[in-house]
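Structure first, commentary second.
The values are calculated or read from the model by the stated rules, or taken from the named source; none is laboratory data. Remember, it's a predicted structure, so these values are computed and weren't measured experimentally. Here Cβ is always computed from backbone atoms with ideal geometry, including for glycine, and neighbour counts include all displayed protein chains.
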Amino acid sequence: MVVSELHKFLFDGLPVRGMIVRLTDAWQEILARRASNTSTGAYPAPVAELLGEMTAAATLMQANIKFNGALILQIFGDGPVKVAVAEVKPDLSLRATAKVVGELSPDAHLPEMVNVTNKGRCAITLDPKDKLPGQQPYQGVVPLHGDRGEKLDRLSEVLQHYMLQSEQLDTTLVLAADDKVAAGLLIQRLPVKGDANLEGTAAGDRDQANEDQIGRNEDYNRISILASSLTRDELLTLDVETILRRLFWEEKLLRFEPQAGMLGPHFACTCGRERVAQMIRGLGVEEAEGILVERGDVEVGCDFCGKQYRFDAVDVAQLFTAPGDQVPASPVMQ
Ligand SMILES: [Zn+2]
């Protein structure tokens with residue numbers, strides 16, 4: 001299987017940087033865990049597309065900041081998709097989930113899924129790994145509509161708006177996902193440098209300088225137009241080398257070493273069979289046996305990744321057997 005990868009690059013001599021992420025194995029793992037959960041079933045196609053775009057976007061945003069903590073991208077919907085979450089840690093380990101209630105049209109777009117009455121919200125949370133006492137995670141919230149209240153059709157528009165607001169930096173995002181790949185391209189104008197690029201009072205001046213640059217830099221604008229010409233199909237089906245060559249063949253790119261495998265974006269959920277076993281022990285033997293009588297086995301699904309853990313009567317009996325009482329395992333042939 002093709003492994004997920006992240007590519008970073010700079011445009012030589014220009015105040016512009018870029019990144020491409022292609023989630024393949026990591027994305028398929030998220031979909032497979034959900035699909036194997038018998039109480040939820042697989043994501044409907046439009047929800048998978050939205051969640052895939054969110055996961056790709058969250059990976060790009062995490063890779064784009066220097067921050068020791070999780071980046072959590074959430075959509076709180078007012079439609080059939082109540083909540084969708086993608087979380088990416090600094091080591092690019094990631095997971096994602098969505099809660100869907102009720103029916104969804106197979107060709108539903110962002111507004112029909114999460115912004116029916118224009119009350120849907122998108123939140124970006126930076127949760128520090130080593131919190132100081134009383135320290136709250138930083139959270140920015142943006143609506144799913146534009147400045148004149150018009151419903152936005154694409155997640156990329158919502159996030160471009162957020163980046164402009166929060167960082168005063170022009171950002172172009174192209175996102176796409178299907179049942180095999182979740183991918184994204186990010187192009188960003190670099191902050192204005194110079195004397196003002198120091199701590200303290202100068203920070204205000206720097207913000208002002210950045211704001212003055214919004215929409216003005218010709219190099220950024222040219223590269224942004226090229227990036228925006230990338231189609232959903234191209235992003236999903238072409239490899240990164242081909243995408244970069246097709247879009248930016250007239251530009252001089254400085255490439256960083258691609259990040260893949262455990263150094264790249266990879267799926268990770270903190271759930272596990274032993275944790276669930278601990279939880280069932282916590283219920284007590286009577287409660288667990290009650291569930292067994294009623295249902296035949298004890299099933300616990302992870303809320304975050306959808307993985308289902310099943311304990312049959314024998315498994316449950318073993319959970320409540322003291323280690324000393326356990327039947328010895330069959331001798332292993334040497
Ligand atoms: Zn899990």
- Could you give every pair whose Cβ atoms fall below 6 Å, whose first residue belongs to region 292-308 and is at pLDDT 90 or above, and whose second residue is away from the ligand (no atom under 16 Å from the Cβ) and in a loop (DSSP other than H, G, I, E, B), counting only separations of at least 6 or pairs across chains? Asp297/Asp312
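Condition check ((1) within 16 Å of the ligand (Cβ to nearest atom); (2) within 30 Å of Asn217 (Cα to Cα); (3) surrounded by 21 or more Cβ atoms within 10 Å (Cβ to Cβ); (4) small (Gly, Ala, Ser)) across all residues:
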| site | (1), (2), (3), (4) |
| --- | --- |
| Ile20 | no, yes, yes, no |
| Ala26 | yes, no, yes, yes |
| Ile30 | yes, no, yes, no |
| Thr40 | yes, no, no, no |
- Would you confirm whether any residue within region 151-166 is of a type outside the set (Phe, Trp, Tyr) and farther than 19 Å from Gln74 by Cα? no
- Task: With respect to Leu164, determine if the residue is modelled with pLDDT of 80 or more, of a type in the set (A, V, I, L, M), in a helix (DSSP H, G or I) and touching a Leu at 6+ places or on another chain (Cβ under 6 Å).
- Result: no
- Query: Residue check: is Glu112 within 17 Å of Glu53 (Cα to Cα) and among the charged types (D, E, K, R)?
  - Reply: yes
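Residues checked against (1) modelled with pLDDT under 95; (2) in contact with an Asp or Glu (Cβ under 7 Å, 6 or more places away or on another chain); (3) at positive phi; (4) not basic (Lys, Arg):
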position: Lys193; (1), (2), (3), (4): yes, no, no, no
position: Thr201; (1), (2), (3), (4): yes, no, no, yes
position: Asn210; (1), (2), (3), (4): yes, no, no, yes
position: Gly215; (1), (2), (3), (4): yes, yes, yes, yes
position: Leu226; (1), (2), (3), (4): no, no, no, yes
position: Arg232; (1), (2), (3), (4): no, no, no, no
position: Thr237; (1), (2), (3), (4): no, no, no, yes
- Note on the structure: Screening Asp205, Asp219 for residues that are at pLDDT 80 or above, of a type in the set (Asp, Glu) and assigned by TED's automatic domain parsing to the domain that holds Gln28 leaves only Asp219
- Selection from region 224-253 of residues that are over 18 Å from Leu60 (Cα atoms) and aliphatic (A, V, I, L, M): Ile225, Leu226, Leu238, Leu247, Leu253
- Note on the structure: Of the listed residues (Val116, Val142, Val101), the one being within 18 Å of the chain's Cα centre (by Cα) and either of a type in the set (A, V, I, L, M) or closer than 20 Å to Phe304 by Cα (or both) is Val142
- Item | region 146-162, subset more than 14 Å from Val114 (Cα to Cα) and under 22 Å from the mean Cα position of the chain (by Cα), residue surrounded by the fewest Cβ atoms within 10 Å (Cβ to Cβ) | Glu157
- Query: Among the residues of region 63-91, how many are assigned to a loop (DSSP other than H, G, I, E, B), surrounded by fewer than 22 Cβ atoms within 10 Å (Cβ to Cβ) and either among the aromatic types (Phe, Trp, Tyr) or in contact with a strand residue (DSSP E or B) (Cβ under 8 Å, 6 or more places away or on another chain) (or both)?
  - Reply: 7
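Restricting to region 242-289, name every residue that is loosely packed, with under 11 Cβ neighbours inside 10 Å and over 17 Å from Thr321 (Cα atoms).
Correct list: Trp249, Glu250, Lys252, Glu257, Thr270.
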- Within region 110-134, the residues that are assigned to a loop (DSSP other than H, G, I, E, B), of a type outside the set (Gly, Ala, Ser) and modelled with pLDDT of 95 or more are Asn115, Val116, Thr117, Asn118, Lys119
- Which one of the conditions (1) surrounded by 18 or more Cβ atoms within 10 Å (Cβ to Cβ); (2) assigned by TED's automatic domain parsing to the domain that holds Leu92; (3) not charged (D, E, K, R) does Phe311 fail to meet, given that it meets all the rest? (2)
- Verdict on Thr55 being closer than 15 Å to Leu173 by Cβ, in the same structural domain as Lys131 (by TED's automatic domain parsing) and within 16 Å of the ligand (Cβ to nearest atom): yes
